């Protein structure tokens with residue numbers, strides 16, 4: 001008679017494209033359920049520990065979320081000479097807030113997220129991420145559609161951080177990666193000497209989608225940079241794009257980055273420093289070539305879309 005010797009697991013399957021997926025056992029469920037906008041899971045996965053998954057895609061894991069969030073936040077924050085006002089779109093875990101608030105210059109942060117349930121789940125289950133950042137008096141949390149906010153607000157910001165979910169068909173974020181959106185950001189909410197950064201999928205796993213985001217920002221701003229970080233729980237290189245009419249993070253030297261970290265950031269960073277900065281902004285030859293040759297722009301009528 002067959003005797004089972006291995007424990008039974010519930011599994012997380014994440015589709016990379018219609019022909020590939022990654023499967024990981026779920027060791028513990030902290031939360032699982034639907035919000036108004038997406039399917040939300042907070043679970044423990046092997047290797048990566050506690051993990052936030054939205055609509056079947058890993059958003060961040062406790063073992064490496066600091067790589068992603070330090071990489072997203074600090075290059076643009078240090079490139080701007082005096083970032084006092086910051087707008088965050090998305091970032092429901094609260095980790096972007098955590099990193100922004102480490103900057104001594106910051107006076108005010110507005111965080112806009114469409115999904116209040118995800119934020120409440122994060123407050124309860126993802127304390128390792130936000131570490132109380134939602135309660136900082138400099139933070140104003142607004143539950144709203146990000147695009148609606150930028151179209152209506154009268155405030156302008158030094159730095160804008162777009163920590164959005166991936167652009168997938170029917171998802172809450174796919175129209176926050178288009179020419180119309182970036183043009184509105186530039187005209188309505190970014191100061192003339194401001195700088196923005198967006199998560200931009202993966203130039204390795206989804207090069208065309210990443211290049212569309214990069215190209216679209218280049219159509220709106222004068223200085224645009226792609227940079228990459230390997231995030232273990234994403235199983236690939238992850239990409240970001242900065243955009244400004246004045247500032248270029250790629251121009252910072254390792255010594256300058258280290259000097260700015262020492263002067264302007266409270267506490268010790270785990271991932272990002274001058275040497276890491278240079279590595280992130282040093283793109284491989286084939287990526288530079290693809291970004292130069294691929295010309296497609298993202299518009300509302302034709303947004304960049306990843307496969308579900």
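Rule-based calculations on the coordinates, nothing more; no lab input. On a predicted model such as this, the values are computed, not experimentally measured, just so you know. Quick reminder, even Gly has a Cβ in these numbers, built from the backbone with ideal geometry, and neighbours come from all protein chains shown.
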Highest-MSF residue in the chain out of 153, 276, 79 [GNM, Cα springs under 10 Å]: 153
Acute angle (nearest 10 degrees) that the helix 116-125 long axis makes with the longest principal axis of the chain, alpha-carbon atoms: 70
Computed log₁₀ I(q)/I(0) - Debye formula, equal Cα scatterers, no solvent, the range 150-236, q 0.26 Å⁻¹: -1.49
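Full-extension gain between residue 11 and residue 105, please, as 0.36 nm times their residue separation minus the C-alpha to C-alpha distance.
Between residue 11 and residue 105, full extension yields 29.4 nm more.
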Rounded to 10°, Cα long-axis angle of helix 254-264 versus longest principal axis of the chain: 90
Estimated distance in nm for a label pair at residue 259 and residue 245, the labels positioned 7 Å out from Cα along Cα-to-Cβ: 2.8
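Quote the convex hull volume per residue of the range 50-151, based on C-alpha atoms, as a whole number of Å³.
Looking at the range 50-151, the number lands at 102 Å³ per residue.
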Separation of alpha-carbon centers, the range 68-126 and the range 235-308, rounded to whole Å: 17
Contour excess over end-to-end distance, with Cα ends at residue 289 and residue 116 and 0.36 nm allotted per residue: 58.2 nm
Projected area averaged over orientations for the chain, convex hull of C-alpha atoms, nm²: 16.9
Rounded to 5, percent antiparallel among DSSP beta bridges of the range 65-293: 45
Relative exposure of 119, 142, 231, judged by other C-beta atoms within 10 Å (fewest first): 142, 231, 119
Estimated 222 nm signal from helices in the chain, with DSSP H stretches of n ≥ 4 weighted -39500 (n - 2.57), rounded to 500: -8000 deg cm²/dmol
Those residues of the range 102-140 whose amide nitrogen sits under 20 Å from the label point placed on residue 84, 7 Å along Cα→Cβ: 102-111, 137-140
Rounded tilt (10° steps) of 207-220 against the dominant C-alpha axis of the chain: 20
Normalised alpha carbon radius of gyration of the range 102-165 [divisor 2.2 N^0.38 Å]: 1.17
Share of pairwise Cα separations in the range 15-81, more than 16 Å, in percent: 58
Descending Cα extents along the principal axes, the range 198-308, whole Å: 45, 34, 26
Protection proxy ranking, peptides 215-222, 203-210, average beta carbon neighbours within 10 Å, highest first: 203-210, 215-222
For the range 187-241, alpha-carbon Rg over 2.2 N^0.38 Å: 1.23
Estimated FRET transfer efficiency (residue 39, residue 152; beta-carbon r; R0 41 Å; 0.05): 0.90
